[in-house]
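The values are calculated or read from the model by the stated rules, or taken from the named source; none is laboratory data. These numbers come from a predicted model, not from an experiment. Using ideal geometry, Cβ is built from the backbone for each residue, glycine included, and neighbour counts are taken over all protein chains shown.
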Number of protein chains: 4
Amino acid sequence: MLPRTPLGRASIVPSPPWHYSGDVLTIEYRTDPANVAALLPAGLDLAPDDPGAVAIIWADWQSCSDSGDELLDPVRSQYKEAFVVVRCTYAGETYSRCVFIWVDKDFALARGWYQGYPKKLGQIWMTRPVGVGKAGPRLQPGGRFGATLAANDRRLAEVTLTLTGESDTGGFVNALPMLHSRYMPSIDPAGAAPLDELVTMRSRDVELGPVYVGEPTVTLFEAPAEELAALEPVEMIAGYWRQVGATFAGGTTA
Amino acid sequence: MLPRTPLGRASIVPSPPWHYSGDVLTIEYRTDPANVAALLPAGLDLAPDDPGAVAIIWADWQSCSDSGDELLDPVRSQYKEAFVVVRCTYAGETYSRCVFIWVDKDFALARGWYQGYPKKLGQIWMTRPVGVGKAGPRLQPGGRFGATLAANDRRLAEVTLTLTGESDTGGFVNALPMLHSRYMPSIDPAGAAPLDELVTMRSRDVELGPVYVGEPTVTLFEAPAEELAALEPVEMIAGYWRQVGATFAGGTTA
Amino acid sequence: MLPRTPLGRASIVPSPPWHYSGDVLTIEYRTDPANVAALLPAGLDLAPDDPGAVAIIWADWQSCSDSGDELLDPVRSQYKEAFVVVRCTYAGETYSRCVFIWVDKDFALARGWYQGYPKKLGQIWMTRPVGVGKAGPRLQPGGRFGATLAANDRRLAEVTLTLTGESDTGGFVNALPMLHSRYMPSIDPAGAAPLDELVTMRSRDVELGPVYVGEPTVTLFEAPAEELAALEPVEMIAGYWRQVGATFAGGTTA
Amino acid sequence: MLPRTPLGRASIVPSPPWHYSGDVLTIEYRTDPANVAALLPAGLDLAPDDPGAVAIIWADWQSCSDSGDELLDPVRSQYKEAFVVVRCTYAGETYSRCVFIWVDKDFALARGWYQGYPKKLGQIWMTRPVGVGKAGPRLQPGGRFGATLAANDRRLAEVTLTLTGESDTGGFVNALPMLHSRYMPSIDPAGAAPLDELVTMRSRDVELGPVYVGEPTVTLFEAPAEELAALEPVEMIAGYWRQVGATFAGGTTA
């Protein structure tokens, strides 16, 4: 990706594959399916079962390219993100689809645009579980976690999760291959977009830690340059915390 | 641009036209022309005259869309940038071309990617002239300005400018229509890039303040994920400070 | 101030005097005087006239020590702040007193604690007037300015100012010598504070630009670790924009 | 601490006790003892054994007051810090003493000033160990960690640690009660400091995870408003990684 330079060292993000290890807090809830449908482009339809299901997810990642060099300069490997996933159908298949996402580093933003994640910058925080001391929850029943998202100096979302036990599943909304739109308008505002394609991808080499499940709360806030709050919760499903390792090595046009 | 939503309000950047008003500090110097050539893609050639000329520029902008709403919520209208421009020829014409650029807001990053500016995030600072008090230079001979750029917690560039008088010109390196490459790799790392086009654009409704000229210094620093320092100065040309107003309303494929 | 080192170069802020040049947007309004009284420590009383008057102020500063070295490394000289001033009487005199203040740099925070300003960190933005282009107001009737304050990822205050003309005064609430409390609790939470003193100070070498006056709006927001919103506006007085230069060279214990 | 408000909710930091849980990376090395002596105020002497020993430490903390409310709003409970500890003797006792420290939140800065830690703001990063995936080291021999410190847009320190095994000790330099100077100059620059006291403190309710030990590297960089680089390493001792839980509930004047 740009900038393209003699040594290839200055690109906003090194070439894939990209490896990820991190903590992921997922909350699933239901909104009016019309709110989901309103976010799908022409040609994509609501999932047939539980069409109003939404996952709002916080992740605290460490990531690197194959060289792993970024891991010793962690300003270039750590980032946090908060994102919203729904499901949709296309050509007879059901997919997961990210409709909103905020990250706090430019390399993560660029990767997202490459993958069709509609990334913007935000401030993302999530409680960490701890093993010693009094300043944090344990990964056990009663452990309480909070996570928040802000952008442009406004709080956009707050969630909490109170653990009740372990689980075999980490949720179903973000569990399918992703179907994303990559889109770049023409330099001529009246022209057709030179990049407007559906792509699909899935992680490989996925390594998962145990899943902790619990009772969630979700609060979304209005903001002038956001539409997240339109995905108003009407019913909570569940919340999950787990560690995730994965590798991204590309996808295909759909 | 993404994300595309029912109200069109959540896009990382509102639709053009985009209006800009700001302070611009430009320093022009010469590097070995081979350093410029190394940054030009196939099909672009060095400018015939003064082929090693480089402009390194700091700008402190306020910008908005036609509605102007962002001006009352300045977190969404103010940003700073530092960028490097060289010249090149293509199809018999000479153009300006931005080879490196750092900004400090996501909306500015997205605009850059739309326009072919290879934007990354950085921390950008530049001395402001003042009209009262002892904490700043005046726009008059002897006024001293500094400007700095950092990314990933490393200082990348420092410049100074000591004013000597006024000038009829604000420099020649960044004075031509821009010729940029818009580039997005395939989602399949082995595939051809679905977006790889040369675009050209120029500002309209340009309104310029008086130009102050002076003696510059430029220091560039090495960093592991940057190649800016390869544009090593061998001779200073001059430095300029001026206020600039302009509107961007699109370009054309070259 | 700390840290104290062999060369004296590492202190969080260089030694005074400190020089300031900047843009200041002041909005004056009235709240219930009981809200002001609730913020005054024992021994201080409400001002006899207009006791509920409040000034909420945004400033975009450039500052430096006598050496002026910081001006060429502007990350160390520029900062923004938003603060709230009320008036009070002590020992028969009427003073201005800052009750809340947020800044965006550590050197400014440290200076505040030295001076008895109760500084915390925040994100501060204010519209800049421009001289060219369409992306900003002019300093003339109809010019519209916005300013915002956030802390801990929450918006705390938003104001607007629409200019109506020029003025001979820049307001009366922040126009008196300051009376501040410097306070540091004992390292033993049960012990008496070893620093608990009233201090007074005023700027010297004040150089002022013309005052622009207009119609303001003020909106304050609740937040869990703030009490700013308790200063609820009941009546607007006026708003002002001006450039200010000043020097701080110390004060006296009151 | 300031600001002091009717509900006591707006203070820059809630009242102690303060609880901490976090990851701590400690590197111990030797510098010329004269470099340590130069940082000790009158009345404090070098430790008799290994007087040039220095610990440079990175910590990624979660912290809270007794209420624990901050844990669900993690922007108010998480912070990172990098700090330097030496040893000294006073009145016949040997103490640890923090001579430089940078944090990335205002509540942590304020706590430091209360405790005599000479805190400034910085950007702090440290590699996290991971349990799944390829994007991070494991807590086992061969695991490689990096940590960096920047302030004012300049890199100040970089360290690495390559684990070789487990250890019974986490180092000796930061293992003693702390002896700090709390210092606030007079508001009259010519006056005597109204707060200039030695204080001592130690954590209570300390809960420690296993210690991982390894081979460190340390690189310090010059900067115009810093003196960290004067503590030049001449010999590495060892590096350690461990999880630490502790409570601070006050200290005593020395």
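Key figures
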{"quantity": "Candidates A:Leu156, A:Leu163, A:Leu149, filtered to the one that is of a type in the set (A, V, I, L, M, F, W, C) and farther than 30 Å from A:Thr200 by Cα", "calculated": "A:Leu163"}
{"quantity": "For D:Phe100: the one exception among (1) touching a Ser or Thr at 6+ places or on another chain (Cβ under 6 Å); (2) surrounded by 24 or more Cβ atoms within 10 Å (Cβ to Cβ)", "calculated": "(1)"}
{"quantity": "Where a residue in the stretch C:1-14 is more than 7 Å from chain D (Cβ to nearest Cβ) and its partner, wherever it lies, is of a type in the set (Asp, Glu), with Cβ under 8 Å and at least six apart", "calculated": "C:Pro14/C:Glu70"}
{"quantity": "Considering residues of the stretch A:107-121 that are outside any helix (DSSP H, G or I) and among the basic types (Lys, Arg) only, the residue farthest from B:Pro185 (Cα to Cα)", "calculated": "A:Lys120"}
{"quantity": "Residue match in the stretch A:110-122 (condition: surrounded by 19 or more Cβ atoms within 10 Å (Cβ to Cβ) and in contact with a Gly (Cβ under 6 Å, 6 or more places away or on another chain))", "calculated": "yes"}
{"quantity": "Condition check for B:Val213: hydrophobic (A, V, I, L, M, F, W, C), away from chain C (no Cβ under 14 Å), more than 27 Å from A:Pro6 (Cα to Cα) and not in a loop (DSSP other than H, G, I, E, B)", "calculated": "yes"}
{"quantity": "Matching residues, the stretch D:163-203, being facing another protein chain (nearest Cβ under 9 Å) and either among the acidic types (Asp, Glu) or over 17 Å from D:Gln115 (Cβ atoms) (or both)", "calculated": "D:Pro185, D:Ser186, D:Ile187, D:Asp188, D:Pro189, D:Ala190, D:Gly191, D:Pro194, D:Glu197"}
{"quantity": "Enumeration of residues in the stretch D:142-170 that are touching a residue at least 60 places away in the same chain (Cβ under 8 Å) and acidic (Asp, Glu)", "calculated": "D:Glu158"}
{"quantity": "A:Phe100 touching a Cys at 6+ places or on another chain (Cβ under 8 Å), in a strand (DSSP E or B) and aromatic (Phe, Trp, Tyr)", "calculated": "no"}
{"quantity": "Selection count, the stretch D:56-84, where residues are within 28 Å of D:Leu220 (Cβ to Cβ) and of a type in the set (Ser, Thr, Tyr)", "calculated": "2"}
{"quantity": "One residue from C:Leu46, C:Leu25 being more than 20 Å from C:Gln115 (Cβ to Cβ), among the hydrophobic types (A, V, I, L, M, F, W, C) and away from chain B (no Cβ under 14 Å)", "calculated": "C:Leu46"}
{"quantity": "Filter result (of a type in the set (Val, Ile, Thr), touching a helix residue (DSSP H, G or I) at 6+ places or on another chain (Cβ under 8 Å) and touching a residue at least 24 places away in the same chain (Cβ under 8 Å)) within the stretch D:171-215", "calculated": "D:Val199"}
{"quantity": "Any hit, the stretch C:88-103, residues being in contact with a strand residue (DSSP E or B) (Cβ under 7 Å, 6 or more places away or on another chain), of a type outside the set (Asp, Glu), farther than 22 Å from D:Pro3 by Cα and at the interface with another protein chain (Cβ under 9 Å from one of its Cβ atoms)", "calculated": "no"}
{"quantity": "Positions within the stretch A:113-139 being within 7 Å of chain D (Cβ to nearest Cβ) and either small (Gly, Ala, Ser) or free of Cβ contacts under 8 Å to residues at least 24 places away in the same chain (or both), in sequence order", "calculated": "A:Thr127, A:Val130, A:Gly131, A:Val132, A:Gly133, A:Lys134, A:Ala135, A:Gly136"}
{"quantity": "Evaluation of C:Phe83 against (1) assigned to a strand (DSSP E or B); (2) more than 12 Å from the chain's Cα centre (by Cα); (3) in contact (Cβ under 8 Å) with a residue 24 or more places away in the chain (one fails), failing number", "calculated": "(2)"}
{"quantity": "Condition met for A:Ala42 (touching a helix residue (DSSP H, G or I) at 6+ places or on another chain (Cβ under 8 Å) and assigned to a loop (DSSP other than H, G, I, E, B))", "calculated": "no"}
{"quantity": "Within the stretch B:141-159, considering residues that are more than 8 Å from every other protein chain (Cβ to nearest Cβ) and of a type in the set (Gly, Ala, Ser), the one surrounded by the most Cβ atoms within 10 Å (Cβ to Cβ)", "calculated": "B:Ala157"}
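Let's see how each residue does on (1) at pLDDT 95 or above; (2) closer than 23 Å to B:Leu176 by Cα:
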{"residue": "B:Asp196", "(1), (2)": "yes, yes"}
{"residue": "B:Val206", "(1), (2)": "yes, yes"}
{"residue": "B:Gly209", "(1), (2)": "yes, yes"}
{"residue": "B:Leu220", "(1), (2)": "yes, no"}
{"residue": "B:Gly245", "(1), (2)": "yes, yes"}
{"residue": "B:Gly251", "(1), (2)": "yes, yes"}
{"residue": "B:Ala254", "(1), (2)": "no, yes"}
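Listed here are the residues, each with its yes/no results for (1) of a type in the set (Phe, Trp, Tyr); (2) surrounded by fewer than 22 Cβ atoms within 10 Å (Cβ to Cβ); (3) farther than 19 Å from D:Val234 by Cβ.
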{"residue": "D:Pro17", "(1), (2), (3)": "no, yes, yes"}
{"residue": "D:Asp23", "(1), (2), (3)": "no, no, yes"}
{"residue": "D:Glu28", "(1), (2), (3)": "no, no, no"}
{"residue": "D:Pro33", "(1), (2), (3)": "no, yes, no"}
{"residue": "D:Ala42", "(1), (2), (3)": "no, yes, yes"}
{"residue": "D:Asp45", "(1), (2), (3)": "no, yes, yes"}
{"residue": "D:Ile56", "(1), (2), (3)": "no, no, no"}
{"residue": "D:Ser77", "(1), (2), (3)": "no, no, yes"}
{"residue": "D:Tyr90", "(1), (2), (3)": "yes, yes, yes"}
